[in-house]
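The values are calculated or read from the model by the stated rules, or taken from the named source; none is laboratory data. Quantities reported herein were computed from a predicted structural model and do not represent experimental measurements. With ideal geometry, Cβ positions are generated from the backbone for all residues, glycine too; neighbour counts draw on all protein chains shown.
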Amino acid sequence: MRQSVLFTKTRREAPKDEVAKNAQLLIRAGYIHKEMAGAYSYLPLGLRVFKNIKNVIREEMNAIGGQEVELSSLQGPRLWKKSGRWDDEAVDVWFKTRLKDGGELGLGWTHEEPLTALMTEHMSSYKDLPRYVYQFQKKFRNEPRAKSGILRTREFVMKDLYSFNKSEKEFRQFYEQCAAAYLRIFERVGLGEHTFRTFASGGSFAKYSDEFQTLSAAGEDTIYLHRGKGIAVNKEVYTDEVLADLGLKKEELEEKKAIEVGNIFPLGTRFSDALDLTYTDEKGKKKPVVMGSYGIGPGRLMGTIVEVLADDKGIVWPKEVAPFPVHIISISGGNADVIAEANRLYDLLKETGIEALYDDRDLRAGEKFADADILGIPTRLVVSEKTMSEGGVEVSLRANGSATLVPESGIVDYLRK
């Protein structure tokens, strides 16, 4: 992509109504556009990052047996009344509307009910289980305080996976597989060393559920972290009894602010009981299906990456989620030879399958470097009269600023390595 035709625009100043660092930087860099409080649009660069994060999540969910679906956002009241979650007093985040024929609909804020009902048409025997189904679906939640940029919005995409098992033992085996997959996701998107499995309340379903919390001053949660064991406890369950159960001592824990970037939790048979999702076992006995739910928001993960990894110059994207792996910057000063060399380099990378954003704009070097800093693409290639006279291309890393001169003939191999 040539930057001269890219649909984006960088800004020197953040919008005055944004206080969250992730929103300030993403808007300044032209990745997102704020429509209103709690609602953001993704522009071309932002959408590329968003899709890359989705792809990482999708690969890890497929690897543990997940199968992707897409359910409707429109939800009628019938199923939700059966589970007790249609009433606004039970759930206060519904967006609801009246149909012209007098019926009522809601915009889905989660999807346990519709997927459980769907599964009643696909499960009857123990041979039909287990099943692991997930989707990337738009959720709508009427948050009373939409804030923190894209960390907490009223419209967002959620990856929600639901497990359907024959027994608690089978469910627990998958639950741990999914927990391990989540840790791989956070590692791949650059947050591995900052993210910890965190024990939280299991509600009425189990003793504990699990959150995945990323350390950040922007976080809304307080956790107590044991770095040696790589686990944490949410403040909501931080009691002597819980610590004893987990083998933790208060004096070994650090109090930290964190962003919840994922959660997994047992559902037991609550929804299968309410919606009559059962199967017949090997002995012909009818039993309820044991369920679990597993969520990650790609947009929230995107915002967390910015909160945690950005520096005082701008965004710093890890390679696997960056909009482009390479940013070519031509510093020509009108020199036709430099322009020709940068064009040649851009075409070479395109031919060899390496995607690059090419800053071919007629701007001063300082403006180009400032834009490159805020855009945060991991690897920068600079072509100038100086680099040409030295027989190479300057390659620098956005994360640490290290730079080296690479011979033009070896640039493709260098980038691939």
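List of remarks:
- Where Glu13 falls short, out of the listed (1) of a type in the set (Asp, Glu); (2) part of a loop (DSSP other than H, G, I, E, B); (3) surrounded by 14 or more Cβ atoms within 10 Å (Cβ to Cβ): (3)
- Some residue of the stretch 44-55 being in a helix (DSSP H, G or I), touching a Lys or Arg at 6+ places or on another chain (Cβ under 9 Å) and within 13 Å of Leu301 (Cα to Cα): yes
- Whichever residue in the stretch 99-109 is part of a loop (DSSP other than H, G, I, E, B) and not basic (Lys, Arg) and, among such residues, is farthest from Glu143 (Cα to Cα): Asp101
- Test: residue in the stretch 122-138 that is under 27 Å from Ile305 (Cβ atoms), touching an Asp or Glu at 6+ places or on another chain (Cβ under 9 Å) and surrounded by fewer than 17 Cβ atoms within 10 Å (Cβ to Cβ): yes
- Hits in the stretch 59-81 (condition: surrounded by fewer than 17 Cβ atoms within 10 Å (Cβ to Cβ), among the charged types (D, E, K, R) and in contact (Cβ under 8 Å) with a residue 60 or more places away in the chain): Glu68, Glu70
- One residue stands out in the stretch 56-98 among those that are of a type outside the set (S, T, N, Q) and in a strand (DSSP E or B): the one that is farthest from Phe156 (Cα to Cα), namely Arg98.
- For Phe265, the conditions (1) within 28 Å of the chain's Cα centre (by Cα); (2) surrounded by fewer than 18 Cβ atoms within 10 Å (Cβ to Cβ); (3) closer than 30 Å to Gln173 by Cα are fulfilled apart from (2).
- Comparison of Glu35, Glu112, Glu18, Glu89 shows that the only residue that is in contact with a helix residue (DSSP H, G or I) (Cβ under 6 Å, 6 or more places away or on another chain), closer than 20 Å to Asn142 by Cα and either surrounded by fewer than 20 Cβ atoms within 10 Å (Cβ to Cβ) or polar (S, T, N, Q) (or both) is Glu18.
- Spans of helices (runs of 4 or more DSSP H) in the stretch 312-417 with at least 1 residues surrounded by 12 or more Cβ atoms within 10 Å (Cβ to Cβ), within 31 Å of the chain's Cα centre (by Cα) and not assigned by TED's automatic domain parsing to the domain that holds Ile53: 336-351, 365-375, 411-416
- Selection status of Phe271, in a loop (DSSP other than H, G, I, E, B), touching a helix residue (DSSP H, G or I) at 6+ places or on another chain (Cβ under 7 Å) and farther than 20 Å from Val308 by Cβ: no
- Of the listed requirements (1) out of contact with any strand residue (DSSP E or B) (no Cβ under 8 Å at 6 or more places or on another chain); (2) closer than 14 Å to Ser4 by Cα, Asp359 misses just one: (1).
- Which numbered condition Leu309 fails, given (1) of a type outside the set (Lys, Arg); (2) within 14 Å of Leu191 (Cα to Cα); (3) in contact with a Ser or Thr (Cβ under 8 Å, 6 or more places away or on another chain): (3)
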